[in-house]
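Taking it in order: structure first as C-alpha cells, then the write-up.
The values are calculated or read from the model by the stated rules, or taken from the named source; none is laboratory data. Keep in mind the model is a prediction, meaning the values are calculated, not measured. So basically every Cβ, Gly included, is an ideal-geometry build from the backbone, and we count neighbours across all protein chains shown. In case anyone asks, the SASA skips ligands and DNA or RNA and just uses the protein heavy atoms, side chains included. Shrake-Rupley method; radii C 1.70, N 1.55, O 1.52, S 1.80 Å.
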Amino acid sequence: MEHIVIIGNGISGVTAARHIRKNSNKEITIVSAETDYFFSRTALMYVYMGHLKFEHTQPYESWFWKKNRINLKKGYVSKVHSNSNEIEFNDGEKLSFDKLIIATGSKPNKFGWPGQDLNGVMGMYHKQDLENLEKYAPDNKTCKHAVVVGGGLIGIELVEMLHSRNIPVTFLVREHSFWNGVLPKEESEMINKEILKNHIDLRLGVNLKEIKSDALGNVKSIVIAETGEEIECNVVGLTAGVSPNIDFLKDSELEIGRGVKVNRFLETNQPNIYAIGDCAEQHEAIGSRRSIEAVWYTGRMMGETVAQTICGNKIEYKPGHWFNSAKFIDIEYQTYGWVWAQTKENEARFYWEHKDETKCIHLNYDKNTREFIGINNFGIRMRHEFFDRVLTEKRSVDYVLEHLADANFDPEFYKLHESEIVAKFNQENNTNIQLKKKSWTRIFSRV
Ligand SMILES: Cc1cc2nc3c(=O)[nH]c(=O)nc-3n(C[C@H](O)[C@H](O)[C@H](O)COP(=O)(O)OP(=O)(O)OC[C@H]3O[C@@H](n4cnc5c(N)ncnc54)[C@H](O)[C@@H]3O)c2cc1C
C-alpha cells in the first residue's frame, strides 16, 4: 500500500492527512517535532490569557488518529533523501515514503541581534514559546517589564497577552505607524491609538540595537538603536515576522527560495514530493497575492488540494479572493479583496470612521469603472459570503453600498452606521445611492 509521509502536524499537514484518508486507503504517517497532537496555533494566545486550557486548542480527541489510521510520529526530521525516497531523523533513524508532503510551517525571524539567544528572549510561534513565556513571564513580579520587538499581527498579540497579566510592555515598532506597510494610514493610526489607550509604551520608528545580559545569562535590558536608550526588562519577545521553517532542507535536492518552491499543483522539483502551508513558495505569485502566504486558511486549502492530487484527482491550488481577519487588542479587523497601504493610480478610496474611533470601513474601487476592489472593516464584522460574491460578480462600489444591509450580521445594530456611511459617500461623491432593504431570500438561500 502506498505510504504517504507528512512532515508537520499543523493545519496544512493535518488537513492533507484527513482528506487523503477520506478519499483513500493509503497508509499515512504524520511526523512532528513540536507536539504529539495537532493544536490550533491561532488559539495559543488564549491559553496564556486564561480563556482556554491547552487541551482545548486540540480539535481532535487522541483516539481520532488511531480510528482514522493516521500514524503519528514525534521526531525532528534533519534530512530528506529524494533519490531513495526516505526522510532521516536527527537520531539517524530513517523512514521511507512513496509520497512526501512537506508542511513544516514558519519560524520567527531573528536578525542576528546581540543577545537574541539569552534566557527570557523568545518568539511567539511554537508551543515551546508559550512554555517559555509561562516560565519567564508568569506574572508582573517575575517579569517587571517586557519588550516586544516587531509590529505585526503576532507582535500585537504578544503585547495583549503580556498586558492581560498586568505586565508593563514597551512595544518597539520599526515603522512610523503600526503595520503601515499593510494598513492604510487611517486604520494604522486607529490602531496606534488603541495600543496607547491600553497603556502600552508604544515606540514608533525605532529598531532594536542589542539585548543585554545579567551575570547569569538572563535578559537585563535592551538598547534602542536610534536613541541609545536602555530599557530594563526581563522578557524580550521577538516578533519581527516569520519565514519558512526549511533550514533542514538546505542540502537536499529540493529547489529552495525563501520557501520550498512549488508549482500550482503544489509539486516541488522532486517527483512525489509536495510542499504546502506556510513553508511553500509559489514560483509565481497567484494574481496579486504573495508567493508565500503565512495564514491559517490558505494552509487548510493547500492541504485539501494536495490530498486530491495525491488521491488521483489532480487539481490546481486556487485560493480565490484574498481575505483575512485578526484582532488588534479590542478591535476586530477583516479585509476582503485588496485595500493596499497606498492607493494605486487607478483606485479611489472611501473612508468612514465612527466618532468613537474604534470602528471604520475603508472601501477601495476602480475610479474609472467603479468596480469594487476591496474593503477593510474595523470593529464591524461583515459577511465573507457577501464580499466573495460581489468580487466574483465584479460589482460596483455603488452596488456594495446599496447592499450594505446584506453584508452586515446584525441589521438592527448597524442600521444607523449604514445610513451614515452611505450619506457620507453620497456627499463626497455627489451620488444618490439609496440603501436597499436586507435581501432575506438571498441570505436564506445561501444557508
Ligand atoms: C501567535 C500566532 C497567531 C496567529 N494568528 C493567526 C490568525 O489569526 N489568522 C491566520 O490566518 N493565521 C494566524 N497565524 C498564522 C497561522 O497560525 C499559520 O499560518 C499556520 O499555523 C501555518 O500552518 P502550517 O501547517 O503551514 O505550519 P505550522 O502550524 O507551523 O506546523 C508545522 C509543524 O511542523 C513542525 N516541524 C517543522 N520542521 C520540522 C522538522 N524538520 N521535523 C519535524 N517537524 C517539523 C513544526 O514544529 C510544526 O509543528 C498565527 C500564527 C501565530 C504564531
Matching entry among Val206, Val173 (being under 29 Å from Pro114 (Cβ atoms), without any contact (Cβ under 8 Å) to a residue 60 or more places away in the chain, open to solvent by 10 Å² or more (accessible area, probe 1.4 Å) and out of contact with any Phe, Trp or Tyr (no Cβ under 6 Å at 6 or more places or on another chain)): Val206
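Got a sec? Which helices (runs of 4 or more DSSP H) wholly within region 331-408 have at least 2 residues that are open to solvent by 40 Å² or more (accessible area, probe 1.4 Å)? Step through it out loud before you land on a result.
On the way: elements: 384-392, 397-402, 404-407.
Where helices (runs of 4 or more DSSP H) fall fully within region 331-408 and carry at least 2 residues being open to solvent by 40 Å² or more (accessible area, probe 1.4 Å), they are 384-392.
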Leading residue by the ranking (nearest to the chain's Cα centre (by Cα)) among those in region 16-28 that are farther than 18 Å from Pro244 by Cβ and open to solvent by less than 20 Å² (accessible area, probe 1.4 Å): Ala17
Region 127-165, subset over 23 Å from Ala215 (Cα atoms) and part of a loop (DSSP other than H, G, I, E, B), residue farthest from the ligand (Cβ to nearest atom): Arg165
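So which of Thr298, Thr358, Thr335, Thr343 ends up being under 30 Å from Leu401 (Cβ atoms) and in contact with a Lys or Arg (Cβ under 7 Å, 6 or more places away or on another chain)?
On the way: Thr298 fails: in contact with a Lys or Arg (Cβ under 7 Å, 6 or more places away or on another chain); Thr358 fails: in contact with a Lys or Arg (Cβ under 7 Å, 6 or more places away or on another chain); Thr335 fails: in contact with a Lys or Arg (Cβ under 7 Å, 6 or more places away or on another chain).
Just one listed residue meets the conditions, Thr343.
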Selection within region 57-112 - under 21 Å from the mean Cα position of the chain (by Cα) and away from the ligand (no atom under 16 Å from the Cβ): Phe111
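In region 8-31, what residues are in a strand (DSSP E or B) and either within 12 Å of His126 (Cα to Cα) or in contact with a helix residue (DSSP H, G or I) (Cβ under 7 Å, 6 or more places away or on another chain) (or both)?
Once the filter is applied, which keeps residues that are in a strand (DSSP E or B) and either within 12 Å of His126 (Cα to Cα) or in contact with a helix residue (DSSP H, G or I) (Cβ under 7 Å, 6 or more places away or on another chain) (or both), region 8-31 yields Ile28, Ile30.
Working only within region 97-126, note down all residues that are farther than 30 Å from Lys220 by Cα, open to solvent by 20 Å² or more (accessible area, probe 1.4 Å) and not in a loop (DSSP other than H, G, I, E, B).
Residues of region 97-126 farther than 30 Å from Lys220 by Cα: 97-105.
This time we only want the ones that are open to solvent by 20 Å² or more (accessible area, probe 1.4 Å), so: 98-99, 104.
Matches in region 97-126: Lys99 only.
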Is there any pair with a first residue in region 372-395 that is at pLDDT 95 or above and a second that is of a type in the set (Asp, Glu) whose Cβ atoms are under 7 Å apart and which are 6 or more apart or on different chains, and what are they? Ile373/Glu347; Ile373/Asp366; Asn376/Glu187; Phe378/Glu187; Phe386/Asp406; Lys394/Glu371
Would region 282-292 turn up any residue that is within 16 Å of the ligand (Cβ to nearest atom), surrounded by 17 or more Cβ atoms within 10 Å (Cβ to Cβ) and modelled with pLDDT of 95 or more? yes
